Amino acid sequence: MSKSGLRIGILTSGGDCSGLNAVIRSVAKSLMLNQNADIIGVKDGFLGLIEQRVTPLTYQDCSGILSLGGTILGTCNNANPFSYKGQDVSKSVMEYYQQLELDAIVVIGGDGSLSVSHKLSQMGMNIVGVPKTIDNDLMGTDRTFGFDTATTVVTEALDRLQTTGQSHKRLMILETMGRYAGWIALHGGMAGGADVILLPEYPYDIDEVIRACEKRMCEKHYSILVVAEGAKPKNGELTVRERVCTSHDPLRLGGIAEALKQQIAVKLDAEIRATTLGHIQRGGSPSSFDRIFATNLGCYAASLVAKKSFGVVAVMQNNQMTSLPLEQVANKCRLVTTSDQTFISARALGVSFGVTDDNFD
Ligand code: F6P
């Protein structure tokens, strides 16, 4: 094995998700073992490049972290070098990158971070991106790591809500994350046997929702409704929990489960309880699927680094690892469509989306 003298940075940016450490581990270990590379961990995402905070990562640092949730490097979702506290600090970030004598940086991030990566790569930074988000809404990849773990959390929650809902003959509402995409609600809802699933992609008609709940309550005396945080009524607004103006995506969604509960209660003669899962979907150990998937993505990203294939993102398409130019993934959103098989199965099984049939097409 010849020493290539590679010096590679790794950073995790944006909202965390389960599997980040599995990627860090596989990128670092595979570059150390196969390229004899030195690995530099950048602390807290792009903030570490702005504030000049990095740390060398040893083989030991990257061992024993496969099953660990969160990220050992820390992350940040409001440190954009092109707009940081009202200033463009991208030039000083580039100078710091050169000062560190890095050959490349592996950026593990979502659409916002990959968009920043694209701009930095145009300025000369060698970047390989690894897409991450529990939302599963990134363009160009069949799925993202973190999604399977989040969906498993939703499924477990629904299994629990079902037994208590059934015992008390109640309508149980569960709110999932997912931002403007309904993947978590759709997959979690289907895995948990939900009767009604409300998605951001298809604004719901409240009367239709109530009709579907009433039907299920009559049939089996309890019902399960899953609502994505980004779902909204026809001609209505998103339910916003908070505005974070320093973030590239300032709206923090949340609260629709409680709002729906109030709206349904006016017309449905049933006891209703609402639960919001929130960040429980993001924390904790990755599922075995996410561990393997994150490991494969990390090893593939390391191979791109070794080939000096920069300005790209490692993605999975048709079950194969491949890469795409950063600009094809950055700042784009992949939504649920009526041709998705899980969506088709849901309709075939009579799951209500709170939408009349003629409003889907
Ligand atoms: O994008 C991941 C995600 O968890 C979304 O599902 C959710 O809307 C958002 O991040 C929450 O962000 P924060 O952690 O800033 O509250």
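The values are calculated or read from the model by the stated rules, or taken from the named source; none is laboratory data. This structure is a prediction, so every number in the text was calculated from the model and none was measured. Reconstructed Cβ throughout: ideal geometry from the backbone, glycine too, with neighbour counts over all protein chains shown. Heads up: the accessible areas ignore ligands, DNA and RNA and are worked out on the full protein's heavy atoms, side chains in. Shrake-Rupley method; radii C 1.70, N 1.55, O 1.52, S 1.80 Å.
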Discussion item. Among (1) over 19 Å from His118 (Cα atoms); (2) outside any loop (DSSP other than H, G, I, E, B); (3) open to solvent by less than 30 Å² (accessible area, probe 1.4 Å), there is one condition Val313 misses while meeting the rest; what is its number?
Written reply: (1)
Worksheet, complete the sentence: From the option list Ala270, Ala274, single residue qualifying as in contact with a Cys (Cβ under 9 Å, 6 or more places away or on another chain) and away from the ligand (no atom under 16 Å from the Cβ) is Ala270
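Every residue, every condition in (1) under 21 Å from Leu100 (Cα atoms); (2) modelled with pLDDT of 95 or more; (3) among the basic types (Lys, Arg); (4) under 22 Å from the mean Cα position of the chain (by Cα), yes or no:
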{"residue": "Gly5", "(1), (2), (3), (4)": "yes, no, no, no"}
{"residue": "Ser18", "(1), (2), (3), (4)": "no, yes, no, yes"}
{"residue": "Ser26", "(1), (2), (3), (4)": "no, yes, no, yes"}
{"residue": "Ala37", "(1), (2), (3), (4)": "yes, yes, no, no"}
{"residue": "Glu51", "(1), (2), (3), (4)": "yes, yes, no, no"}
{"residue": "Thr58", "(1), (2), (3), (4)": "yes, yes, no, no"}
{"residue": "Gly64", "(1), (2), (3), (4)": "no, yes, no, no"}
{"residue": "Ser67", "(1), (2), (3), (4)": "no, yes, no, yes"}
{"residue": "Leu73", "(1), (2), (3), (4)": "yes, yes, no, yes"}
Discussion item. Step by step: first the residues of the range 271-282, then only those that are crowded, with 16+ Cβ neighbours inside 10 Å and of a type outside the set (S, T, N, Q), then the one that is nearest to Arg170 (Cα to Cα). Which residue is that?
Written reply: Ile272
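Matching residues to (1) in contact with a Phe, Trp or Tyr (Cβ under 8 Å, 6 or more places away or on another chain); (2) under 30 Å from Gly45 (Cβ atoms); (3) of a type in the set (A, V, I, L, M); (4) surrounded by fewer than 20 Cβ atoms within 10 Å (Cβ to Cβ):
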| residue | (1), (2), (3), (4) |
| --- | --- |
| Ala191 | no, no, yes, yes |
| Ala194 | no, no, yes, no |
| Asp207 | no, no, no, yes |
| Cys213 | no, no, no, no |
| Leu225 | no, no, yes, no |
| Ser247 | no, yes, no, yes |
Practice prompt. For residues that are in a loop (DSSP other than H, G, I, E, B) and open to solvent by less than 10 Å² (accessible area, probe 1.4 Å), scanning just the range 111-149, find the one that is nearest to Met177 (Cα to Cα).
Written response: Ile134
Discussion item. Among the listed residues Asp249, Asp205, identify the single one that is more than 22 Å from Gln341 (Cα to Cα), within 11 Å of the ligand (Cβ to nearest atom) and in contact with a Gly (Cβ under 7 Å, 6 or more places away or on another chain).
Written reply: Asp249
Discussion item. Could you list, ordered by first residue, the pairs with Cβ atoms under 7 Å in which the first is in the range 167-188 and under 18 Å from Leu260 (Cα atoms) and of a type in the set (Lys, Arg) and the second is within 11 Å of the ligand (Cβ to nearest atom) and assigned to a strand (DSSP E or B), at least 6 apart or interchain?
Written reply: Arg179/Leu253
Discussion item. Residues to consider are Lys29, Lys91; find the one that is without any contact (Cβ under 8 Å) to a residue 60 or more places away in the chain, among the basic types (Lys, Arg) and open to solvent by 60 Å² or more (accessible area, probe 1.4 Å).
Written reply: Lys91
Practice prompt. Sort out which residues of the range 160-189 are open to solvent by less than 10 Å² (accessible area, probe 1.4 Å), in contact with a strand residue (DSSP E or B) (Cβ under 7 Å, 6 or more places away or on another chain), outside any helix (DSSP H, G or I) and within 12 Å of the ligand (Cβ to nearest atom), and write them in order of number.
Written response: Glu175, Thr176, Gly178, Gly182
Discussion item. Of everything in the range 347-361, what is in a helix (DSSP H, G or I) and within 13 Å of Ala212 (Cβ to Cβ)? Give them in sequence order.
Written reply: Arg347, Asp357
Worksheet item: In the range 150-159, is there at least one residue being within 12 Å of the chain's Cα centre (by Cα), crowded, with 22+ Cβ neighbours inside 10 Å and over 22 Å from Ile10 (Cβ atoms)?
Response: yes
Item to complete: Return yes or no: is Glu201 more than 28 Å from Ser67 (Cα to Cα), touching a residue at least 12 places away in the same chain (Cβ under 8 Å) and assigned to a helix (DSSP H, G or I)?
Response: no
